Amino acid sequence: QKEVEQNSGPLSVPEGAIASLNCTYSDRGSQSFFWYRQYSGKSPELIMFIYSNGDKEDGRFTAQLNKASQYVSLLIRDSQPSDSATYLCAVRGGETSYDKVIFGPGTSLSVIP
Amino acid sequence: GAGVSQSPSNKVTEKGKDVELRCDPISGHTALYWYRQSLGQGLEFLIYFQGNSAPDKSGLPSDRFSAERTGGSVSTLTIQRTQQEDSAVYLCASSPQTGREQYFGPGTRLTVT
């Protein structure tokens with residue numbers, strides 16, 4: 001089982017809709033979770049991080065964490081064509097790999113005008 | 001403030017030559033990471049530094065790859081006797097401390113001919 005898994009996509013949503021991106025992880029002790037956005041030909045940029053169970057909102061973005069289910073998601077409300085990019089989930093390891101941050105393979109999102 | 005910088009932005013080299021890639025992290029960031037990304041692929045972890053120490057070198061693909069960090073700041077990734085399969089974008093990221101959010105540089109695109 002891969003340590004951090006994401007659907008590769010592409011995920012297509014119409015402009016104005018909610019895009020839902022999902023990520024699962026294998027290390028039950030993981031404590032910190034990050035979402036990055038990567039436009040084609042560019043480097044990843046941090047969108048959000050979340051440490052506690054529940055929801056964290058920042059503008060049109062909401063990160064949701066469920067440690068019991070080992071699941072973290074990113075919701076993008078009122079999706080815009082400029083949101084079209086690859087979204088990377090990253091997870092900080094648990095006790096045995098505390099300093100390690102593992103990236104998922106990314107989900108490609110396409111927002112259709 | 002200044003972000004992470006990398007140089008050169010592009011490097012074309014002949015097979016068998018050595019190359020050095022440089023990363024200047026955000027001032028005050030103690031953790032520094034190197035990744036490799038081949039076209040259309042995810043991030044491949046290479047090595048990370050906490051201060052000048054590299055606790056995890058597990059991602060280095062072969063003994064042709066080495067990295068160092070001096071003064072808790074600038075880092076250099078060296079690839080000896082380059083091969084065509086080394087062609088990729090090499091990304092550097094820095095973080096306030098290990099396991100926290102990472103900020104990426106623009107990358108160095110390496111092409112081995």
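The values are calculated or read from the model by the stated rules, or taken from the named source; none is laboratory data. Being a predicted model, the structure only gives us computed values, none of them experimental. Virtual Cβ from ideal backbone geometry, glycine too; neighbours counted across all protein chains shown. With ligands, DNA and RNA removed, areas are computed over all heavy atoms of the protein, side chains included. Shrake-Rupley method; radii C 1.70, N 1.55, O 1.52, S 1.80 Å.
Return an integer: the convex hull volume of the alpha-carbon atoms of the protein assembly as shown, in Å³ per residue. Numbers along the way, then the final one.
Values: hull volume 28.6 nm³, N = 226.
Hull volume normalised by residue count: 127 Å³.
Roughly how many percent of the accessible protein surface of chain B is carbon and sulfur, given a 1.4 Å probe and a whole-percent answer? Numbers along the way, then the final one.
Values: 2260 of 5240 Å².
Its accessible area is 43 percent carbon and sulfur atoms.
Accessible area per residue, 1.4 Å probe, Å², for chain B: what's the number? Don't jump to the answer; show the numbers that get you there.
Values: 5240 Å² over 113 residues.
With all protein chains present, chain B gives 46 Å² per residue.
From the Cα gyration tensor of region A:23-64, with a ≥ b ≥ c the square roots of its eigenvalues, which class applies: rounded if a/c is under 1.5, or else prolate if a/b is larger than b/c, or else oblate? Provide the component values of the computation, followed by the final result.
Values: a/c = 2.77, a/b = 1.38, b/c = 2.01.
Cα axes put region A:23-64 in the oblate bin.
Please say if region A:1-109 is rounded, prolate or oblate, where rounded means a/c under 1.5 for a ≥ b ≥ c the square roots of the C-alpha gyration tensor eigenvalues, and otherwise the choice is prolate for a/b larger than b/c and oblate otherwise? Please report the intermediate quantities before stating the final value.
Numbers: a/c = 1.95, a/b = 1.57, b/c = 1.24.
Verdict is prolate for region A:1-109.
If the cut-off is 29 Å between C-alpha atoms, which lysines fall inside it for B:Lys57, apart from same-chain ones fewer than 8 positions away?
Of all the lysines, those that pass the test against B:Lys57 - Cα under 29 Å, at least 8 places apart if same chain - are A:Lys2, A:Lys42, A:Lys67, A:Lys100, B:Lys11, B:Lys15, B:Lys17.
From zero outward in steps of 5 Å, how is the percent of C-alpha pairs of region A:27-91 spread across the bins?
Once binned at 5 Å, the Cα pair distances of region A:27-91 give 4, 17, 29, 23, 16, 9, 3, 0.
For region B:10-87, compute Rg over Rh where Rg is the Cα radius of gyration and Rh is the Kirkwood radius from the inverse mean 1/r over Cα pairs. Walk me through the numbers before you get to the answer.
Values: Rg = 12.8 Å, Rh = 13.2 Å.
Radius of gyration relative to Kirkwood radius: 0.97.
What do you get for chymotrypsin sites (Phe, Trp or Tyr not before Pro) in region B:68-113 restricted to DSSP loop and a cutoff of at most 14 other Cβ within 10 Å of the site's Cβ? Display every interim value, and only then the final one.
Numbers: sites: B:Tyr90, B:Tyr103, B:Phe104; in loops: none.
The qualifying sites: there are none.
Less than 19 Å from a label point 7 Å out along the Cα-to-Cβ axis of B:Glu44: which backbone N atoms in region A:28-55 qualify, by residue?
Those under the cut-off are A:41-44.
Given a 1.4 Å probe, how much area per residue of region A:25-79 is accessible, in Å²?
For region A:25-79, the solvent-accessible area averages 47 Å² per residue.
Taking a label point 7 Å from the Cα of A:Arg77 along the Cα→Cβ vector, which residues of region A:42-71 have an amide N closer than 11 Å to it?
So the set is A:57-62.
Region A:17-113: which trypsin sites (Lys or Arg not before Pro) are DSSP loop and have at most 14 other beta-carbon atoms within 10 angstrom?
On the way: sites: A:Arg28, A:Arg37, A:Lys42, A:Lys56, A:Arg60, A:Lys67, A:Arg77, A:Arg92, A:Lys100; in loops: A:Arg28, A:Lys42, A:Arg60, A:Lys67, A:Arg77, A:Lys100.
In loop regions of region A:17-113 (DSSP not H, G, I, E or B), the sparsely surrounded trypsin sites (Lys or Arg not before Pro) are A:Arg28, A:Lys42, A:Arg60, A:Arg77.
Can you tell me which of B:Asp86, B:Asp24, B:Asp56 moves the most in a GNM of chain B? Springs connect C-alpha atoms under 10 Å apart.
B:Asp56
What does the buried accessible surface come to for B and A, summed over both chains, with the probe at 1.4 Å? Round to 100 Å². It would help to have the intermediate numbers written out before the result.
Numbers: alone 5920 and 6160 Å², together 10710 Å².
Buried area (both sides, nearest 100 Å²): 1400 Å².
Just the number, please: carbon plus sulfur as a percent of the accessible area of chain A, 1.4 Å probe, no ligands or DNA/RNA counted.
With neighbouring chains kept in place, the figure for chain A is 47 percent.
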